[in-house]
1. Might you let me know whether segment 204-216 holds any residue that is at pLDDT below 95, under 26 Å from residue 67 (Cα atoms) and either surrounded by 24 or more Cβ atoms within 10 Å (Cβ to Cβ) or out of contact with any strand residue (DSSP E or B) (no Cβ under 6 Å at 6 or more places or on another chain) (or both)?
2. Among what's in segment 228-254 and is out of contact with any strand residue (DSSP E or B) (no Cβ under 7 Å at 6 or more places or on another chain) and closer than 22 Å to residue 162 by Cβ, pick the residue that is surrounded by the most Cβ atoms within 10 Å (Cβ to Cβ).
3. Report, by residue number, each residue of segment 283-313 that is farther than 24 Å from residue 97 by Cα and touching a helix residue (DSSP H, G or I) at 6+ places or on another chain (Cβ under 9 Å).
4. Only one residue in 136, 71, 126 is touching a residue at least 12 places away in the same chain (Cβ under 8 Å) and either closer than 28 Å to residue 256 by Cα or crowded, with 20+ Cβ neighbours inside 10 Å (or both), so which one is that?
5. Taking residue 149 and the conditions (1) within 20 Å of residue 73 (Cα to Cα); (2) exposed (fewer than 15 other Cβ atoms within 10 Å of the Cβ); (3) at pLDDT 95 or above, which numbered condition does it fall short on, given that it satisfies the others?
6. Would you check which residues across segment 5-36 are over 26 Å from the mean Cα position of the chain (by Cα) and assigned to a loop (DSSP other than H, G, I, E, B) and list them?
7. Can residue 2 be described as crowded, with 20+ Cβ neighbours inside 10 Å, under 29 Å from the mean Cα position of the chain (by Cα) and not in a strand (DSSP E or B)?
8. In segment 106-123, how many residues are outside any helix (DSSP H, G or I) and either buried (at least 17 other Cβ atoms within 10 Å of the Cβ) or not assigned by the TED database to the domain that holds residue 193 (or both)?
């Protein structure tokens, strides 16, 4: 973001190293001279955490080949981390996943995101993790920064919509540049609904208004943001897991959710009834799932998961989660839990 501590990069350096928005540059700087306002970059030592000469061979993000996720991001950590264990089995997350956490207010979506973030940093240190908080409460931002070992980028609800959009665009550009360098990147976004609202405020009016007051052009850019998530054939991946708000009483939020409903390839639905009974995680198992999960899970695990789903499908969300938690409580990990299904 523009600020008084910015560093001046000369046009010749931009051309020489083919610098673009989102590139992470580190190098030597010099203090400003009499007539200058900013520190100036003298020498580029690394570009996107790699030697600068490597960047000459990279392929632009839009020219890379997208594939289905094929390598699972393991979230399971401790035996009592049931959120991660249930997600690993029933809604597996792969490198390159485009996931939606569909949540009514106060169902534990922020805690679930924190849980996912901590699992990723513990199990996959090679992944570059960014937590993006848009239109969020300031105390939530502080809580996330203190409890998650990741890059937390935020804009709070007291800032203008233009700032929300700027922050989101900078994060997605940075992620794309890292993917061009064959890095695995994960963005956890809270929330896509508020980001779409910000774009709706900022976009020039087209004259066509959808129900709920959404401009017909407003959702194109947030869809581009969400659609950037992909597994890359040439190496690297960009995973985006975003929360979508429902049951807020706002028609606009419902319209935004409907627009994004079919775009993800993984969905987790949270249920208010489970939260009211203090059952966590508040996941509605029958509504949640991952497309092409057979590419992520081994055959024997997949067969057990299908049997488990058949068993849980007649039950309501409360009974199915209570049943699953009861069976998991005596086991150390998912492998032991699946083996216990024979007994």
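1. First, the residues of segment 204-216 that are at pLDDT below 95: 204-216.
Remaining after also requiring under 26 Å from residue 67 (Cα atoms): none.
Scanning segment 204-216, I find no residue that is at pLDDT below 95, under 26 Å from residue 67 (Cα atoms) and either surrounded by 24 or more Cβ atoms within 10 Å (Cβ to Cβ) or out of contact with any strand residue (DSSP E or B) (no Cβ under 6 Å at 6 or more places or on another chain) (or both), so the answer is no.
2. 252
3. 311, 312, 313
4. Details: 71 fails: either closer than 28 Å to residue 256 by Cα or crowded, with 20+ Cβ neighbours inside 10 Å (or both); 126 fails: either closer than 28 Å to residue 256 by Cα or crowded, with 20+ Cβ neighbours inside 10 Å (or both).
None of the other options fit; the residue is 136.
5. (3)
6. 5, 6, 9, 10, 17, 18, 31, 32, 33, 34, 35, 36
7. Details: crowded, with 20+ Cβ neighbours inside 10 Å: no; under 29 Å from the mean Cα position of the chain (by Cα): yes; not in a strand (DSSP E or B): yes.
No.
8. Just the residues of segment 106-123 that are outside any helix (DSSP H, G or I), to begin with: 106-108.
With either buried (at least 17 other Cβ atoms within 10 Å of the Cβ) or not assigned by the TED database to the domain that holds residue 193 (or both) added as a condition, the list becomes 107-108.
Here the count works out to 2.
The values are calculated or read from the model by the stated rules, or taken from the named source; none is laboratory data. Just so it is clear, the structure is predicted and the values come from calculations on it, not from any experiment. In this analysis, Cβ positions are derived from the backbone assuming ideal geometry, glycine residues included, and neighbour counts consider all displayed protein chains.
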